[in-house]
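Q: Can you keep this structure in mind? I'll have questions shortly.
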Amino acid sequence: RMSTSDSIRSSQFLIPLVFIAVPVRILWNHFSIQRKLVVQYNLQPCTTEEVQTEIASICKTMGINPPAILSSSLIISPFVFGRRSNRAILAIPERWLKANSNHQHIQLLHELSHIRNHDVGFLAWSNASLRDLRLLFMLLPALIVYCYFFSYSYAIPSISLYLACSFILFVMLRYVIRKRESLADMTAAMMVESD
């Protein structure tokens, strides 16, 4: 009888903790993603004036503020990140500092199109939330089974959360992120045609 009341008490705290932890983690990731990426890829300020001039020229043509430019030998393709598009950061591979090609130009146009389309903050948030939603998506079946056997009152909210996570993952992956990438591709293609 004592162990039953202990398991009920622990489930009263464990299950709401899961429901609170995921939104808190998504918020935390939104604010810490910039620092995490800089540390993870060992991003350093780009000091090559030729690259900075080229990117500033493209930004002027696109009508956007030039982003801060960081480089690293650990990345193989460019990407933009940050919390807001008007204070975006562009990460480029270190090998780009010595080479220049049409392929690189098109990749730059695509990444800078994300800034022009105001995707930067949204993409950082969505990538952070997708990672956490996937984790929650994997943990929820165990939580549902636990709720079913030990604390039936949380079974319905757990199933509802599982279905909501499934729906959000499907919509974000299938429509939202894919549409933003397609829009960046179309913007880059229009810039190439106008050159």
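Q: Given the options 152, 162, name the one that is modelled with pLDDT under 80 and more than 26 Å from the chain's Cα centre (by Cα).
A: Working: 162 fails: more than 26 Å from the chain's Cα centre (by Cα).
Just a single option satisfies the conditions, and that option is 152.
Q: Residues that are among the β-branched types (Val, Ile, Thr) and more than 21 Å from residue 82 (Cβ to Cβ), at least 2 per element: which helices (runs of 4 or more DSSP H) completely within region 95-195 meet that?
A: 120-150, 155-171
Q: Conditions first: (1) modelled with pLDDT under 90; (2) open to solvent by less than 30 Å² (accessible area, probe 1.4 Å); (3) in contact with a helix residue (DSSP H, G or I) (Cβ under 8 Å, 6 or more places away or on another chain). Residue 32 passes all but one, so which condition is the exception?
A: With (1) modelled with pLDDT under 90; (2) open to solvent by less than 30 Å² (accessible area, probe 1.4 Å); (3) in contact with a helix residue (DSSP H, G or I) (Cβ under 8 Å, 6 or more places away or on another chain) applied to residue 32, the lone miss is (3).
Q: Condition first: among the polar types (S, T, N, Q), under 20 Å from residue 34 (Cβ atoms) and crowded, with 16+ Cβ neighbours inside 10 Å. Now tell me which residues in region 64-109 satisfy that.
A: Result: 71, 72, 85.
Q: Quick check: anything in region 170-188 open to solvent by 90 Å² or more (accessible area, probe 1.4 Å), at pLDDT 90 or above and closer than 30 Å to residue 47 by Cα?
A: Just the residues of region 170-188 that are open to solvent by 90 Å² or more (accessible area, probe 1.4 Å), to begin with: 170, 174-175, 178-179, 186.
From what's left, at pLDDT 90 or above: 186.
Among the residues that remain, those that are also closer than 30 Å to residue 47 by Cα are: none.
No, there is no match, as no residue in region 170-188 is open to solvent by 90 Å² or more (accessible area, probe 1.4 Å), at pLDDT 90 or above and closer than 30 Å to residue 47 by Cα.
The values are calculated or read from the model by the stated rules, or taken from the named source; none is laboratory data. Quick caveat: nothing in here was measured; it's all calculated off a predicted structure. Using ideal geometry, Cβ is built from the backbone for each residue, glycine included, and neighbour counts are taken over all protein chains shown. Quick note on the areas: whole protein, heavy atoms, side chains included, nothing else; ligands and nucleic acids left out. Shrake-Rupley method; radii C 1.70, N 1.55, O 1.52, S 1.80 Å.
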